[in-house]
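Scroll down for the structure; my scribbles are underneath it.
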């Protein structure tokens, strides 16, 4: 399982941005297509919203990879 940490002051990341940022897809268009084709699950449910706001605690599954969204540790 991969972990993605949201850094302050960010409260969320959009689903399509996450797929691109983690290099799970090559382009933003490929990310959007994968989402609209129902290939991505968020918290166990198929997600069709390209810009779904992902927050700490959310779990994403795409192509047999699981990503957990975490919050930056407070100091």
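A few notes on this one:
- Modelled label positions at residue 64 and residue 11, each set 7 Å beyond Cα in the direction of Cβ, lie 3.8 nm from each other.
- Cα centroids of the stretch 10-41 and the stretch 50-75: 12 Å apart.
- Among beta bridges that DSSP assigns inside the chain, antiparallel share in %, nearest 5: 70
- Rounded to the nearest 500, the helix-only mean residue ellipticity at 222 nm of the chain stands at -5500 deg cm²/dmol, with each DSSP H run of n ≥ 4 adding -39,500 (n - 2.57).
- Over the chain: Kirkwood hydrodynamic radius from C-alpha pairwise inverse distances, Å: 12.3
- Look at the alpha carbon pairs under 8 Å that are at least 6 residues apart: their mean separation over the length of the chain gives a relative contact order of 39 percent.
- Each label was represented as a point 7 Å from its Cα along the Cα-to-Cβ direction; for residue 45 and residue 73 these points are 3.3 nm apart.
Readers should treat all values here as calculations from the given coordinates under stated rules, not as data from a laboratory. Computed from a predicted model, the values in this text were never measured in an experiment. When we count neighbours, we look across all protein chains shown, and the Cβ atoms used for this are built from the backbone with ideal geometry, even at glycine.
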